[in-house]
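The values are calculated or read from the model by the stated rules, or taken from the named source; none is laboratory data. No experiment lies behind these values; they were computed from the predicted model shown. Glycine also receives a Cβ, built like all others from the backbone with ideal geometry; neighbour counts cover every protein chain displayed.
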Amino acid sequence: MLDAIVRDLRLATRNLFAKPGFFIVAVLTLALGIGSVSAIYSVVNGTLLSPLPYPQAERIVRITREQPPYGGPISRPLLFDWQKGTADVYSAVAGFTGGVLTLTGSGDAERLSAIRVSPEFWTVMDLAPEVGRYFGVDEERANTRVAVLTHALWTQRFGADPAIVGRDIVLDGESYRVTGVTPARFRFPGSAQLFVPTYLPASQLGRDYNSIHVVARLRDGVDAETATAALHTLNLALQKQYPESNTNLTANTVPLPELLTGNVRQPLMVLSGAAALVLLIACANLANLLLIRGNQRQRELAVRSALGAGRRRLVRSVLAEALVIALVGGVLGVALAAVAVPLLLAGAPDLMPSHATPGVDFTVVGLGMGVSACTVLLFSLWPAWRSAAVAPAGALQEEGRSGSGGRARSRTRSVLVVAEVALSLTLLVGAGLMIASLSRLGQVDDGIDLDPVLTAAIALPAGAQRPDEDFEAAYKRNTIAVGARLDALLERVSALPGVEVAGLTDALPLSGMDNASSNVVLIGRDPVPEGQPQRGVQWRFTSPGYFPALGIRLVAGRLLEEADRNPGGYPTQVLVNETFVKKYLPDVDPVGRQIQFLGDNKTIVGVVGDVRQMGLDSEPLPEAFMHTANSIHSQFYLVLKVRGDPGALAEPLRRTLKEFDAAMPVFEVRTLAALGAQRNAMRLFNLQLMTIFGGVALLLAAVGLYGTIAYSVAQRRHEFGIRLSLGASGAQLMSQVMKQGMGLVAIGVLAGIAGALALGRVLASQLFGVGAGDPGVLFAAVALLGGIALVACLVPALRASRVHPMTVLRSQ
């Protein structure tokens, strides 16, 4: 039995190599289908479907404040209110904030992403430490300097030495005792490198300072709807109790799995659908090729049957060919997936969630191979089975009459071509919509000059908040210490050759950074009526050189000056942007008006143009700019307007900053243009893949259409010869063939437009300035597909018009 199988496979391989064109096209079609769907679905499985490492992760929720016009973080008092008021539905409610700390004393100074967490955080996540313990309530209340290292920092910086627990490390010039290390699978938040306490009990921050993010764990037996309802009831009571800060306060809860994959879920699902369409097109194309080959072998099988070969023997020979095609195509598909998955991840390293570890998923590969193998077997065995079931004379007679291998199979091939055209148009329109969306984004005025600007992030901490030190005292101490160093730093980098203007900011444009915000009071204006959204403002701390460095327009008044600095006190002069004026002071000259937030009253000394802080696709928000000497932050960004290529100044800038302070972390040295491109990384990632899928689909559809028309022409050569001998012209035959092919294309285009409109609605949330059914994109996609289809039909049509009657009739 085994010898017979090997003999059949050897013979099948010899037969396939005898016609390498068919074999190569079939194998490549199969490999493209399996490889594309396996690569995308492997990433989807590793990103969206793999369980999170936290026990009962679906019971962990992120709670965000919803309070028009702003939302997101909450204040310290509100966190305490939520912890106390929801104890019956949440087993733990934790607060955390992002930040940076500088690690010194052991190797080079290193800027670390330090997450300040309340003790309840460990209960919410519910993962035991790798070594040591997590800090608790006593250390939080006593302002004890303690730290928990992440597994990555522990291994990279301290060689995974368990003796680090109980030892001190130096962070921002202060000694912190290491209490423990998180396990390797603990990766929330994704940016974390170490954890320190929030010290909220000793903080004096009020209800108008929102900076705390919240996670909570549902109690056993409590569902998300019940917990959300309890939180809503509590917020209604808080609105009445604190109307000045909690008006219109609501909350939104998002399960942790959804939170971690929210940014990539829809794009990956869309790409999964696109990959599935490519697989369907590949299967349709493969089916067409196999039907054509089956029809071509119909006479051969009929002759073999007439010579005594049984049905089982005929089917076995066809089955062996199908297995060879499936095996070779499957192996190439797996190889393609193995190459494609790393390339996908390399193209989007910062887009994947921190917990995601995608790799080639062989379950997914197996499913893709199974679908393709079924297609190969079905459309290989069907013609063979029919040929073996029909008497040899009948099979030869049908082929002789139809000239195309039978009417039924001809209709099947036509249906498959129509399906390929329709699916290809759907993918082409999807790619076109993304191209048009990026084009519209490129036309948005971002309010700055991107090209000649180099940026770099630095950390200049003045020391952590001391025990029993309130926020105001720590703030004033920090501004005195940091302000003088910033002045010296700007003087040093301004002297670099090629630097025209140097400035500082706490948040770069287009970065999406939202460091701080609060309500704002307009002195001399009526307060906002109760129940209406409060006036809000985003804070920005900048140096005077920031605005000319980025080319930000001065609309009215003046820019910030060195005289506006007030180290050791709250800022008293501010700039506001145009959106602030349009929303809050549209009927008066804003220059000279007073507003109140962050301490004392402040005078508006100028108005600057709007800048797209949150990205090109986000409208500007009301912003107020204050001098960096009064910044509440310890991390800053240098912005240098330079002559020539800004990238060429990167290394001299690093050296200068290292000479200025060897213990000062310097990171994210890049051009501002590169930052802008990074904000569109997901759109560009989707665009590239959709374009690849669209191109593959177009190629497969063209191959399928060409194969069908070419085969039809070849089978009708006898008919064409007779018609030419009776007076028909070559142009008439060419017209008939073109009409046959383009008729199939027209039907496919009509079906494809419906699919394209449906895909456009799915893509709507990822588009900017383009409708789901944009007529320009539809027309361009139809024109491109029509042009390729025209060429695919034209070649066999020309061949039909050049048939020589006598040659054809003599060969019959």
Checking D587 against (1) free of Cβ contacts under 8 Å to residues at least 12 places away in the same chain; (2) within 24 Å of G72 (Cβ to Cβ), the condition it does not meet
(2)
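To keep it simple, each residue is scored yes or no on (1) without any contact (Cβ under 8 Å) to a residue 24 or more places away in the chain; (2) more than 27 Å from T479 (Cβ to Cβ); (3) part of a loop (DSSP other than H, G, I, E, B); (4) touching a Leu at 6+ places or on another chain (Cβ under 8 Å).
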position	(1), (2), (3), (4)
L616	no, yes, yes, yes
A624	no, no, no, yes
K641	no, no, no, yes
G644	no, yes, yes, no
L653	no, no, no, yes
A662	no, no, yes, no
M682	no, yes, no, yes
L699	yes, yes, no, no
Out of curiosity, is S113 within 27 Å of L460 (Cα to Cα) and crowded, with 22+ Cβ neighbours inside 10 Å?
no
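Which of the residues spanning the range 539-561 are charged (D, E, K, R) and in contact (Cβ under 8 Å) with a residue 60 or more places away in the chain?
Answer for the range 539-561, where residues must be charged (D, E, K, R) and in contact (Cβ under 8 Å) with a residue 60 or more places away in the chain: R540, R553.
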Under 30 Å from A163 (Cα atoms), surrounded by 16 or more Cβ atoms within 10 Å (Cβ to Cβ) and in contact with a strand residue (DSSP E or B) (Cβ under 8 Å, 6 or more places away or on another chain), is that true of S118?
yes
In the range 599-614, how many are touching an Asp or Glu at 6+ places or on another chain (Cβ under 9 Å) and not in a strand (DSSP E or B)?
7
Suppose the filter is at pLDDT below 80 and crowded, with 18+ Cβ neighbours inside 10 Å; does S801 pass it?
yes
Show me the strands (runs of 3 or more DSSP E) found entirely inside the range 187-284 where at least 3 residues are surrounded by 20 or more Cβ atoms within 10 Å (Cβ to Cβ).
194-197, 213-218
So which residues in the range 64-83 are closer than 20 Å to R535 by Cβ and not in a helix (DSSP H, G or I)?
R65, E66, Q67, P68, P69, Y70, G71, G72, P73, I74, S75
Restricting attention to the range 675-705, report how many residues are of a type in the set (G, A, S), crowded, with 17+ Cβ neighbours inside 10 Å and more than 15 Å from V418 (Cβ to Cβ).
2
Does the range 706-715 contain any residue that is assigned by TED's automatic domain parsing to the domain that holds I435, out of contact with any Lys or Arg (no Cβ under 6 Å at 6 or more places or on another chain), of a type in the set (S, T, Y) and surrounded by fewer than 18 Cβ atoms within 10 Å (Cβ to Cβ)?
no
Somewhere in the range 723-742, is a residue assigned to a helix (DSSP H, G or I), at pLDDT below 75 and loosely packed, with under 15 Cβ neighbours inside 10 Å?
yes
Since F779 meets every condition but one in (1) under 20 Å from L291 (Cβ atoms); (2) among the aromatic types (F, W, Y); (3) at pLDDT 85 or above, which condition does it not meet?
(1)
I need the full set of residues from the range 134-151 which are assigned to a loop (DSSP other than H, G, I, E, B) and within 36 Å of the chain's Cα centre (by Cα), in order please.
Y134, F135, T150
Determine whether P529 is modelled with pLDDT under 90, more than 35 Å from the chain's Cα centre (by Cα), part of a loop (DSSP other than H, G, I, E, B) and assigned by TED's automatic domain parsing to the domain that holds A459.
yes
Checking D208 against (1) acidic (D, E); (2) touching a residue at least 40 places away in the same chain (Cβ under 8 Å); (3) touching a Lys or Arg at 6+ places or on another chain (Cβ under 9 Å), which single condition isn't satisfied?
(3)
Residue under question is A87, and the condition is that it be under 30 Å from S113 (Cβ atoms) and modelled with pLDDT of 85 or more; does it hold?
no
Yes or no: A184 buried (at least 19 other Cβ atoms within 10 Å of the Cβ) and modelled with pLDDT under 95?
no
Of a type in the set (V, I, T), out of contact with any Cys (no Cβ under 7 Å at 6 or more places or on another chain) and assigned by TED's automatic domain parsing to the domain that holds I480: does that describe I632?
yes
Out of the residues in the range 635-677 meeting the condition of being more than 14 Å from L454 (Cβ to Cβ) and in the same structural domain as S618 (by TED's automatic domain parsing), tell me which one is modelled with the lowest pLDDT.
Q635
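Is there a residue in the range 473-485 that is outside the structural domain of A783 (by TED's automatic domain parsing), of a type in the set (A, V, I, L, M, F, W, C) and modelled with pLDDT of 85 or more? Walk me through it before giving the result.
Pass one, the range 473-485, residues outside the structural domain of A783 (by TED's automatic domain parsing): 473-485.
Now drop any that are not of a type in the set (A, V, I, L, M, F, W, C), which leaves 473-474, 480-482, 484.
Going one step further and asking which of them are modelled with pLDDT of 85 or more, we end up with none.
Checked against the condition, which is being outside the structural domain of A783 (by TED's automatic domain parsing), of a type in the set (A, V, I, L, M, F, W, C) and modelled with pLDDT of 85 or more, the range 473-485 yields no hits at all.
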Among the residues of the range 407-433, what is the count of those that are at pLDDT 80 or above and either in contact with a Lys or Arg (Cβ under 7 Å, 6 or more places away or on another chain) or of a type in the set (G, A, S) (or both)?
7
What about D610, is it surrounded by 17 or more Cβ atoms within 10 Å (Cβ to Cβ), in contact with a Ser or Thr (Cβ under 6 Å, 6 or more places away or on another chain) and of a type in the set (D, E, K, R)?
yes
Does L48 qualify as being closer than 30 Å to W122 by Cα and at pLDDT below 80?
yes
Hey, among L171, L149, L101, which residue is at pLDDT 95 or above and within 30 Å of A481 (Cβ to Cβ)?
L149
Please give the number of the condition G727 fails out of (1) at positive phi; (2) touching a Pro at 6+ places or on another chain (Cβ under 6 Å); (3) not aliphatic (A, V, I, L, M).
(2)
